[in-house]
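Quick notes on the structure that follows.
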Amino acid sequence: MAGDDDPTAIRSLALSPADAADAYVYSQENPGEAVLRATPPFHGRMRARIHVYHVDDTELTGAVHVSPAELIADDVIADYPDLESALANADADPDTADEIRERHAEAVAEWQQRARESIVDSVTLETPDGPHRVAVKTLG
């Protein structure tokens, strides 16, 4: 890769903490995957925006995809509320599935707030030349 298409030119990714939290939630709750994406031309400070896809197009576009799980602190990722476990235990719970889903939605909203406050300081991008560590700068 040469010039503007070389992701190793990136020194920092600027992103919205809400985009990182929303992308993680989307991937947990929906089909498809949400990532933070930076597209060429690449330069020192790049803006990464939320991007949802079903087929990875990075080879065609040259874009860099960063998993939201890499952008949010590990302990916060580990605390993501699991709807499937709550529903599986519904037999022992007198609440209805709708009530469980409502509580899950509230728990996810609380989790998103924590996630927005737990963005990491740096992340490793996978590039054709190998791993490339960049700073993470939050917007907003």
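The values are calculated or read from the model by the stated rules, or taken from the named source; none is laboratory data. These numbers were taken from a predicted model, which means no experiment stands behind them. Methodologically, a virtual Cβ is constructed for each residue, glycine included, from the backbone with ideal geometry; neighbour enumeration extends over all protein chains shown. Note: areas computed on protein heavy atoms with side chains; ligands, DNA, RNA excluded. Shrake-Rupley method; radii C 1.70, N 1.55, O 1.52, S 1.80 Å.
Charge dipole of the chain (Cα centre as origin; +1 on each Lys and Arg Cβ, -1 on each Asp and Glu Cβ, all else neutral): 920 debye, rounded to the nearest 20. Annotation for ALA14 and ASP56: the two label points, set 7 Å from Cα along the Cα-Cβ direction, are 2.8 nm apart. For a modelled paramagnetic label at LEU139, 7 Å from Cα along Cα-to-Cβ, the residues of the stretch 33-67 in reach, with backbone nitrogen under 14 Å, are 36-39, 45-51. For the chain, what is the percent of antiparallel DSSP beta bridges, rounded to the nearest 5? Close to 70 percent.
In the chain, the longest principal axis of the Cα atoms and the axis of helix 17-29 are about 60 degrees apart.
Checking (i) 0.95; (ii) 1.07; (iii) 0.93 against Rg/Rh (Cα atoms, Kirkwood Rh) calculated from these atoms, the matching label is (ii). What the phi angles of the stretch 112-118 give under the Karplus curve with 6.51, -1.76 and 1.60, with θ = phi - 60°, is a coupling list of 4, 4, 4, 5, 4, 8, 10 Hz, glycine and proline written as x.
Extension gain for ARG103 to ALA69 (0.36 nm times residue separation, less C-alpha to C-alpha distance): 9.9 nm.
Leaving out ligands, DNA and RNA, and with a 1.4 Å probe, what % of the accessible surface on the stretch 12-140 is carbon or sulfur? In the stretch 12-140, the share of accessible area belonging to carbon and sulfur is 47 percent. When shorter helices are ignored and each DSSP H run of at least 4 residues is given -39500 (n - 2.57), the per-residue value for the chain at 222 nm works out to -10500 deg cm²/dmol.
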